[in-house]
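Engineer: Before anything else, here's the structure in question.
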Amino acid sequence: MIPAIAVRGIEKRFGATRILRGVDLSIEPHERHALIGPNGAGKSTLFNLIAGAKRPSAGRIELYGADITRLAPAAICRRGLARSFQTTSFFAKLSVFDNLRCAAQIANRDRARWWQRFTVTRAADAHAEEVLDAVGLGARRDVIAGTLSYAEQRALDLGLALASGAHTLLLDEPTAGMNRAEAARAVELIRVATAGRTLLMVEHDMDVVFGLADRVSVLVQGQVIATGTPDAIRADPAVQAAYLGHALPGDAR
Ligand SMILES: Nc1ncnc2c1ncn2[C@@H]1O[C@H](COP(=O)(O)OP(=O)(O)OP(=O)(O)O)[C@@H](O)[C@H]1O
């Protein structure tokens with residue numbers, strides 16, 4: 001099977017420092033995959049390379065078999081990979097629905113001819129309504145986005161990625177800054193809303209990782225030291241050694 005995301009021999013140097021050292025990673029279609037690792041391991045750097053925000057020093061990145069290594073972020077986005085950020089990325093003065101409608105219309109715009117515009121707009125509106133419910137914001141449809149609670153803003157961020165029609169999502173610490181109850185709700189929301197799509201997430205919260213991920217990869221000092229099911233990762237001696245002196249993955253439960 002062609003992987004949704006294939007990272008092959010990726011190197012990233014900043015000056016003389018090798019931050020990523022021959023990273024190989026294969027994310028299967030429709031898989032939920034978590035990337036974990038100690039602070040400074042290179043997780044955000046790898047995300048930046050996959051999303052096109054930075055260029056690797058060597059290696060290749062593929063999205064469903066197509067080389068995206070040197071594409072700009074917008075071009076990668078058009079190919080169906082969306083990234084959610086820890087910071088919010090919506091129009092604060094527009095309503096929740098109008099934000100989703102914008103994302104859906106932009107996604108459809110390139111595909112439409114001028115005589116299709118009316119139907120495209122209607123299709124985009126219908127898609128925005130679907131996403132609104134999928135991310136649990138149906139009751140907040142006409143609220144100004146900037147006034148949403150933090151957890152709702154993160155749900156809207158996820159909604160924007162879904163409204164853009166992305167089949168593959170990079171989620172950067174999707175529950176950061178949330179309390180336990182909010183994080184648990186967010187996990188459930190992500191699970192349901194992203195069904196049928198591919199998910200790669202960086203996450204520090206092990207409850208979230210073990211509640212959501214089908215497989216986990218562990219990045220330590222710029223190298224993937226293990227990939228496997230959550231239980232296999234917890235039992236892996238190399239992972240335990242890497243976390244020596246820190247909470248082991250899953251111990252927080
Ligand atoms: N633009 C840059 N120039 C120089 N060094 C950088 C740059 N960006 C990141 N680094 C370094 O690369 C290393 C990996 O950083 P990165 O943010 O990718 O790690 P991380 O695993 O995401 O960490 P955290 O879990 O703390 O977010 C760190 O030592 C960081 O200081």
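The values are calculated or read from the model by the stated rules, or taken from the named source; none is laboratory data. A quick note: this is a predicted structure, and the numbers were derived from the prediction, not measured. Here the Cβ positions follow ideal geometry from the backbone for every residue, glycine too, while neighbour counts run over all protein chains shown. Note: accessible area is taken over every heavy atom of the protein model, side chains too, but ligands, DNA and RNA are not part of it. Shrake-Rupley method; radii C 1.70, N 1.55, O 1.52, S 1.80 Å.
Engineer: Testing LYS93 on (1) more than 16 Å from the ligand (Cβ to nearest atom); (2) under 20 Å from ILE233 (Cβ atoms), one condition comes back false. Which one is that?
Structural biologist: Among (1) more than 16 Å from the ligand (Cβ to nearest atom); (2) under 20 Å from ILE233 (Cβ atoms), the lone unmet condition for LYS93 is (2).
Engineer: Residue by residue through segment 54-78, note down the ones that are over 16 Å from the mean Cα position of the chain (by Cα) and part of a helix (DSSP H, G or I).
Structural biologist: ALA75
Engineer: Further question on the same structure: Counting only residues that are more than 23 Å from PRO29 (Cα to Cα) and charged (D, E, K, R), give me the helices (runs of 4 or more DSSP H) lying completely in segment 137-216 with at least 2 of them. Please lay out each step first, then the result.
Structural biologist: Values: elements: 150-163, 180-193, 206-212.
In segment 137-216, the matching helices (runs of 4 or more DSSP H) lie at 150-163, 180-193.
Engineer: Report yes if some residue within segment 12-27 is touching a Leu at 6+ places or on another chain (Cβ under 9 Å), open to solvent by less than 10 Å² (accessible area, probe 1.4 Å), within 13 Å of the ligand (Cβ to nearest atom) and part of a strand (DSSP E or B); otherwise report no.
Structural biologist: Scanning segment 12-27, I find at least one residue that is touching a Leu at 6+ places or on another chain (Cβ under 9 Å), open to solvent by less than 10 Å² (accessible area, probe 1.4 Å), within 13 Å of the ligand (Cβ to nearest atom) and part of a strand (DSSP E or B), so the answer is yes.
Engineer: Which of the residues belonging to segment 217-232 are assigned to a loop (DSSP other than H, G, I, E, B) and within 16 Å of the ligand (Cβ to nearest atom)?
Structural biologist: Of everything in segment 217-232, those that are assigned to a loop (DSSP other than H, G, I, E, B) and within 16 Å of the ligand (Cβ to nearest atom) turn out to be GLN221, GLY222.
Engineer: I need the full set of residues from segment 28-53 which are assigned to a loop (DSSP other than H, G, I, E, B), open to solvent by less than 20 Å² (accessible area, probe 1.4 Å) and closer than 20 Å to MET206 by Cα, in order please.
Structural biologist: Initially, segment 28-53 is screened for residues assigned to a loop (DSSP other than H, G, I, E, B), giving 28-31, 37-42, 52-53.
Next, from what is left, pick out any that are open to solvent by less than 20 Å² (accessible area, probe 1.4 Å): 31, 37, 41-42, 52.
Passing the criteria: GLU31, GLY37, ALA41, GLY42.
Engineer: Ok, one more. Look through ARG197, ARG253, ARG141 and report the one residue that is modelled with pLDDT of 90 or more, farther than 28 Å from PRO3 by Cα and open to solvent by 40 Å² or more (accessible area, probe 1.4 Å). Can you show your working first?
Structural biologist: Numbers: ARG197 fails: farther than 28 Å from PRO3 by Cα; ARG253 fails: modelled with pLDDT of 90 or more.
On inspection, the qualifying residue turns out to be ARG141.
Engineer: Condition first: closer than 22 Å to SER217 by Cα, at pLDDT 90 or above and among the aromatic types (Phe, Trp, Tyr). Can you find one or more residues in segment 72-90 that meet it? Don't jump to the end; show me each part of the working.
Structural biologist: From segment 72-90, those closer than 22 Å to SER217 by Cα are 81-86; that's our starting set.
Adding the requirement that they be at pLDDT 90 or above leaves 81-82.
Remaining after also requiring among the aromatic types (Phe, Trp, Tyr): none.
No, there is no match, as no residue in segment 72-90 is closer than 22 Å to SER217 by Cα, at pLDDT 90 or above and among the aromatic types (Phe, Trp, Tyr).
Engineer: Those residues that are touching a Leu at 6+ places or on another chain (Cβ under 6 Å) and either within 7 Å of the ligand (Cβ to nearest atom) or at pLDDT below 95 (or both), I need them from segment 28-40; list them, please.
Structural biologist: Across segment 28-40, the qualifying residue is only GLY37.
Engineer: Further question: Of the residues that make up segment 130-141, is at least one touching a residue at least 12 places away in the same chain (Cβ under 8 Å), touching an Asp or Glu at 6+ places or on another chain (Cβ under 7 Å) and over 25 Å from LEU46 (Cβ atoms)? Steps first, please.
Structural biologist: Our first condition is that a residue be touching a residue at least 12 places away in the same chain (Cβ under 8 Å); within segment 130-141, this holds for 131-132, 134-137, 140-141.
Filter once more, keeping what is touching an Asp or Glu at 6+ places or on another chain (Cβ under 7 Å): 137, 140.
From the residues that got through so far, the ones that are over 25 Å from LEU46 (Cβ atoms) too are 137, 140.
Checking segment 130-141: at least one residue is touching a residue at least 12 places away in the same chain (Cβ under 8 Å), touching an Asp or Glu at 6+ places or on another chain (Cβ under 7 Å) and over 25 Å from LEU46 (Cβ atoms).
Engineer: Let me ask something else. Just for segment 219-238: of the residues that are among the β-branched types (Val, Ile, Thr) and out of contact with any Leu (no Cβ under 8 Å at 6 or more places or on another chain), which one is most open to solvent (accessible area, probe 1.4 Å)?
Structural biologist: Within segment 219-238, the subset among the β-branched types (Val, Ile, Thr) is 220, 224-225, 227, 229, 233.
After this cut, where a residue has to be out of contact with any Leu (no Cβ under 8 Å at 6 or more places or on another chain) as well, the list is 220, 229, 233.
Numbers: VAL220: 28, THR229: 71, ILE233: 3 Å².
Applying the filter and picking the extreme gives THR229.
Engineer: Note down all Cβ pairs under 7 Å where the first residue falls in segment 26-55 and is more than 22 Å from ALA238 (Cβ to Cβ) and in contact (Cβ under 8 Å) with a residue 12 or more places away in the chain, the second is open to solvent by 30 Å² or more (accessible area, probe 1.4 Å) and near the ligand (Cβ under 10 Å from one of its atoms), and they're at least six residues apart or on different chains.
Structural biologist: What qualifies is LYS54/ASN48.
Engineer: Looking only at residues in segment 54-72 that are among the hydroxyl-bearing types (Ser, Thr, Tyr) and open to solvent by 20 Å² or more (accessible area, probe 1.4 Å), which one is nearest to the ligand (Cβ to nearest atom)? I'd like the intermediate steps shown before the answer.
Structural biologist: Narrowing segment 54-72 to residues among the hydroxyl-bearing types (Ser, Thr, Tyr): 57, 64, 69.
From what is left, the residues that are open to solvent by 20 Å² or more (accessible area, probe 1.4 Å) are 57, 64.
Values: SER57: 12, TYR64: 25 Å.
Out of the qualifying residues, it is SER57.
Engineer: Hey, can you tell me all the residues within segment 41-53 that are near the ligand (Cβ under 8 Å from one of its atoms), farther than 14 Å from THR168 by Cα and either over 13 Å from the mean Cα position of the chain (by Cα) or not aliphatic (A, V, I, L, M) (or both)?
Structural biologist: Within segment 41-53, the first condition is being near the ligand (Cβ under 8 Å from one of its atoms), and the residues that meet it are 41-48.
Next, only the ones that are farther than 14 Å from THR168 by Cα stay: 41-46, 48.
Scanning segment 41-53 gives ALA41, GLY42, LYS43, SER44, THR45, ASN48.
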